[in-house]
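Below is one structure, written out as structure tokens; the observations come after it.
Just so it is clear, none of the values below were taken in a lab; they were calculated from the coordinates. The shown structure was predicted, so the numbers you read here are calculated from the model rather than taken from an experiment. Counting neighbours? That spans all protein chains shown, and the Cβs are built from the backbone with ideal geometry, glycine included.
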Amino acid sequence: MSEPGTLSTVLAFAPNWWQETTSPATLGTLLVGWAKACGWQACGIVWTDPNAPPVIRTVRNGLLLDVPAPLEVPDAIRRIRAGEATVSYSVPGTTGRVFAGVHPPGRSVGVLWVERAGVSWTDADRATLAMTAKIVERSPAVTTIISPRIDSERLEQRLGDAAVIAGRMAHDFDNILTGIIGFSDLAVPLLQANSQAAKFVSEISKVGQRGIVFTQQLHQLSRSGQVKPNPSAFVTVVAKEETRVKSLGTPNLHLEKDVPVGLPAVAMEAGPLHAILGHLVDNAVEACPQGGAIRVSARVVDLTDTDAQDYLGKPGIGEHLLVTVTDSGTGIKPEVHRRLFVDPFYTTKVRHRGLGLAIVYRVLCAHRGGIQIEPVPDSGPGTQVRVVLPLATTRPPASAGTTTGLAAPVGNVSATAVRG
């Protein structure tokens, strides 16, 4: 018979974490079963996110209790984010309360914690708890509570497949629309000016032009997975974007910048970089229909492995340029936030097809960057989007099979034409 809490007892219970479920109560039931199987005096899980109520589950003496989270949670999360695999604290009547990080992909860090009595903690015990936390963070029971888990690799593959189809369709529709627009333009001079027939033909031409805008978006999605690592300056790109926003003529809307002049270059050509910033700024503009403020800031950050896991995409460790786009709009609803990236091309905009974030994500993945979307901190109105971009001097090599610059740059079409 194995001693409670050892590797063998933990592994014996591990398959239970993978049972399919849609019931929020399952997580509590699993924690109770885990505590009994491993002989824990107490255990629990704590996970918080600005887009959802906190998840706090506590089991003590075999009972699921509705009690506050342990006081050590903030400090434990801070230390886990700093790189510690497990963190322990002295608790009277126990051999210590030990915490391990629970970090669902693209989400904030939570903790799985345990107390036991009579048996001192060893390095092997701590490693076993850390391993269990990795299992728990991908458990369907946790997914049910905190929203669907985002599988970055599957998302990238699905968008890549869609991009291939989009490129082929865009080419065919370009030929059709070119014919419609061309013959419409040829027909207008042959008709009596201001006649009903002339107006109808002009409308046909306008519809064709709107179709061209859509096919340009499809072309951009098709090309967005190409690696364009030639360095570019973010300061130059944001200046062009500022000019474009001013040209939109949106009443009571202003763009603020906090972009130091001496920022290092990023490992990405200006076209893809402009595509990223343009889509994010356009989303911010649309979030402020009555006007407001859009703020673009940039600074260099040094990402740890834990920091990198906070972002969807492929950021690594080391220095990156952190670009933040914040708007003062109505904010993103929790139910909408939970579906972003889980459902590719998801959008709440009637006349859009959800291409904007899909393009941003593919460009970032290709260039080893990442994205994070959340409400404005301190419960203020609006949404904050953060992207990290590798610096030109620290860019890691592209992964095997990644397309390198074989086609036209992403930025071949105009900025106003490619927002989706």
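Roughly what would the spin-label model give for Asp185 and Arg299, points 7 Å off Cα along C-beta, in nm?
Here the modelled spin labels are 4.9 nm apart.
Report, in whole Å, the centroid distance computed from the Cα atoms of the range 33-107 and the range 190-247.
Taking the Cα centre of the range 190-247 as reference, the centre of the range 33-107 is 51 Å away.
If amide H atoms are built 1.01 Å from N in the plane of the peptide, which residues on other chains or at least 5 residues away come under 5 Å of the amide H of Thr383?
Asp327, Gly329, Gly331, Val376
Kyte-Doolittle mean at least -1.0 and Cα extent at least 15 Å along the axis: which DSSP H helices of the chain qualify?
Result, helices passing both filters: 26-38, 123-136, 152-187, 196-223, 234-248, 270-286, 355-366.
Between Val98, Val323, Val261, find the one with the highest GNM mean-square fluctuation for the chain; connect C-alpha pairs within less than 10 Å.
Val261
If Rh is defined by the Kirkwood formula over all Cα pairs and Rg also comes from Cα, what ratio Rg/Rh do you get for the range 24-77?
Taking Rg over the Kirkwood Rh, I get 0.98.
Out of all Cα-Cα pairs in the range 138-262, roughly what percent, to the nearest whole number, are more than 19 Å apart?
The calculated P(r) of the range 138-262 puts 73 percent of pairs beyond 19 Å.
Going highest first, how would you order 252-258, 230-236 by mean Cβ packing within 10 Å?
Packing order, densest peptide first, comes out as 230-236, 252-258.
Considering the options Phe183, Phe173, Gln216, tell which one lies farthest towards the positive end of the dipole of the range 152-220, charges being +1 on Lys and Arg and -1 on Asp and Glu at the Cβ, about the Cα centre.
Phe183
Which lysines does Lys228 reach when only Cα atoms under 20 Å apart count, and residues fewer than 8 places away in its own chain are ignored?
By straight Cα distance, Lys228 reaches Lys240, Lys314.
Take Lys240 and Gln290, extend 7 Å from each Cα along the Cα→Cβ direction, and tell me the distance between the two endpoints in nm.
About 3.5 nm separates the two model spin labels.
Using a cut-off of 12 Å between alpha-carbon atoms, which aspartates and glutamates can reach Lys206, once sequence neighbours fewer than 8 places away in the same chain are excluded?
Correct list for Lys206: Asp185.
Please work out the Kirkwood hydrodynamic radius for the range 152-220, using every pair of different C-alpha atoms, and report it in angstroms with one decimal place.
By the Kirkwood definition, the hydrodynamic radius is 13.7 Å.
Please get the size of the charge dipole for the chain, origin at its Cα centre, with Cβ charges of +1 on Lys and Arg and -1 on Asp and Glu, quoted in debye to the nearest 20.
Its charge dipole is roughly 580 debye.
Find how much the distance from Gln209 to Ala14 grows on full extension, using 0.36 nm per residue of separation minus their present alpha carbon separation; answer in nm with one decimal.
Roughly 64.5 nm would be gained on extension.
Take the alpha-carbon positions of the range 58-144, form their convex hull, and give its projected area averaged over all directions (one quarter of the hull surface) in nm².
6.2
Take Ala124 and Asn252, extend 7 Å from each Cα along the Cα→Cβ direction, and tell me the distance between the two endpoints in nm.
Spacing of the two 7 Å Cα→Cβ label points: 6.8 nm.
Helix-only mean residue ellipticity at 222 nm, the chain, DSSP H runs n ≥ 4 weighted -39,500 (n - 2.57), per residue, nearest 500. What is it?
-13000 deg cm²/dmol
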